[in-house]
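As structure tokens, the structure follows; a few thoughts come after it.
The values are calculated or read from the model by the stated rules, or taken from the named source; none is laboratory data. Just so it is clear, the structure is predicted and the values come from calculations on it, not from any experiment. Cβ sites come from the backbone with ideal geometry, for glycine too, and all protein chains shown count toward neighbours.
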């Protein structure tokens with residue numbers, strides 16, 4: 001039975017107030033019936049758009065069935081947390097585009113320049129769940145933030161945090177898309193908050209801006225072509241035809257968000273956790289290539305970047321360095337020397353990308 005009426009509304013209001021104190025930008029509540037989303041999810045899997053992310057297929061339609069993932073779940077509390085660093089200047093999108101136009105500069109996705117969001121969100125979601133338990137008594141719950149087969153964007157949209165943009169990300173009129181999503185599955189039925197309506201209209205800027213054409217239609221992403229997937233999730237060789245399109249993006253890609261008109265309303269985070277760590281500010285490809293594995297681990301401690309490991313890190317850098325050579329980089333001699341020296345003890349995966357990089361910028 002849904003705890004509606006004055007009691008239910010009061011609990012949701014308290015969750016929102018306490019959520020703000022914990023650094024969340026917005027709190028909503030969704031139901032657990034996502035059956036209308038199952039056909040689209042199955043079609044996406046059938047098309048193979050999940051690439052080598054085998055866990056997507058293994059979990060299948062469980063993503064659309066919260067009560068199967070955690071039996072007894074009656075409601076899902078949704079949360080968003082802004083991650084644009086507080087120090088971000090006005091006109092930040094233009095600054096990001098400038099970085100992408102400098103082939104010797106290594107570009108890391110904005111969300112990954114501070115502390116690992118999994119850690120930040122999880123700790124605060126747990127505290128929000130504890131607050132709810134003190135308010136209503138013992139309850140079964142589990143928190144998630146990009147950590148289980150959960151349809152995060154669907155739940156966020158159903159609960160009013162935003163709508164699913166054509167780039168497939170959750171999008172808000174008040175905050176654009178520069179925020180993380182998290183959920184608390186609970187075994188108490190709370191009143192659902194009103195879903196958000198879509199406001200993309202005829203705009204398809206994100207589709208046109210995708211460097212690799214990964215957004216194959218409105219709200220339809222082929223992960224196999226997505227730079228975020230290729231540089232983070234994909235463990236093997238990056239398809240050769242896509243390497244030149246990656247440019248100097250060594251971890252993730254923000255292009256579909258940079259071009260989105262709604263991100264002029266992107267909100268700065270109140271949390272110091274998401275401030276840019278110094279070594280990501282304008283770092284050169286050569287400087288990052290010089291890190292040995294020990295330094296990579298030290299520099300990425302507490303960062304989401306660490307999870308890709310040193311080999312994939314070097315693979316991504318090699319692609320960026322090859323693209324810098326193709327762009328007639330002023331650092332070309334140093335880039336070639338650094339790449340050549342790495343060939344002697346490179347793994348097969350890295351050696352393939354280094355050899356490809358060295359071939360760039362040479363006469364055909």
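Considering each residue of the stretch 32-55 in turn, none proves to be assigned by TED's automatic domain parsing to the domain that holds residue 14, free of Cβ contacts under 8 Å to residues at least 40 places away in the same chain and at positive phi. Within the stretch 159-178, the set of residues being under 11 Å from residue 80 (Cβ atoms) and in a loop (DSSP other than H, G, I, E, B) comprises 159, 160, 161, 162, 174, 175, 177, 178. Screening the stretch 33-93 for helices (runs of 4 or more DSSP H) wholly inside it with 2 or more residues that are more than 22 Å from the chain's Cα centre (by Cα) and at pLDDT below 95 returns the ranges 38-46, 66-69.
Residues in the stretch 285-323 that are touching a strand residue (DSSP E or B) at 6+ places or on another chain (Cβ under 9 Å) and closer than 19 Å to residue 243 by Cβ: 285, 288, 308, 313, 316, 317, 319, 320. With respect to the conditions (1) surrounded by 15 or more Cβ atoms within 10 Å (Cβ to Cβ); (2) at negative phi; (3) touching a helix residue (DSSP H, G or I) at 6+ places or on another chain (Cβ under 9 Å), residue 125 lacks only one, and its number is (3).
Inside the stretch 344-353, can you point out the residues that are under 32 Å from the mean Cα position of the chain (by Cα), in a helix (DSSP H, G or I) and free of Cβ contacts under 8 Å to residues at least 60 places away in the same chain?
Filtering the stretch 344-353 for residues under 32 Å from the mean Cα position of the chain (by Cα) gives 346-353.
Now narrow it down to the ones that are in a helix (DSSP H, G or I): 348-353.
348, 350, 351 - these are the residues of the stretch 344-353 that are under 32 Å from the mean Cα position of the chain (by Cα), in a helix (DSSP H, G or I) and free of Cβ contacts under 8 Å to residues at least 60 places away in the same chain.
How many of the residues in the stretch 215-244 are assigned to a loop (DSSP other than H, G, I, E, B) and in contact with a strand residue (DSSP E or B) (Cβ under 6 Å, 6 or more places away or on another chain)? Summing the residues that are assigned to a loop (DSSP other than H, G, I, E, B) and in contact with a strand residue (DSSP E or B) (Cβ under 6 Å, 6 or more places away or on another chain) in the stretch 215-244 gives 2. Among the residues of the stretch 264-284, the one identified as crowded, with 16+ Cβ neighbours inside 10 Å, touching a strand residue (DSSP E or B) at 6+ places or on another chain (Cβ under 7 Å) and either on the phi > 0 side of the Ramachandran plot or part of a helix (DSSP H, G or I) (or both) is 280. When residue 257 is tested against the conditions (1) under 25 Å from residue 334 (Cβ atoms); (2) modelled with pLDDT of 95 or more; (3) not in a loop (DSSP other than H, G, I, E, B), the lone failure is (1). Residues in the stretch 178-196 that are surrounded by fewer than 22 Cβ atoms within 10 Å (Cβ to Cβ), in contact with a helix residue (DSSP H, G or I) (Cβ under 9 Å, 6 or more places away or on another chain) and touching a residue at least 40 places away in the same chain (Cβ under 8 Å): 188, 189, 191, 192, 193. In the stretch 308-318, of all residues being farther than 16 Å from residue 109 by Cα and more than 19 Å from the chain's Cα centre (by Cα), the one that is surrounded by the most Cβ atoms within 10 Å (Cβ to Cβ) corresponds to 318.
If the condition is being under 16 Å from residue 108 (Cβ atoms), in contact (Cβ under 8 Å) with a residue 24 or more places away in the chain and either surrounded by fewer than 18 Cβ atoms within 10 Å (Cβ to Cβ) or out of contact with any helix residue (DSSP H, G or I) (no Cβ under 8 Å at 6 or more places or on another chain) (or both), then the stretch 288-305 contributes only 302.
Residue count for the stretch 245-254 under the criterion of being in contact with a helix residue (DSSP H, G or I) (Cβ under 6 Å, 6 or more places away or on another chain) and either surrounded by fewer than 22 Cβ atoms within 10 Å (Cβ to Cβ) or assigned to a loop (DSSP other than H, G, I, E, B) (or both): the result is 6.
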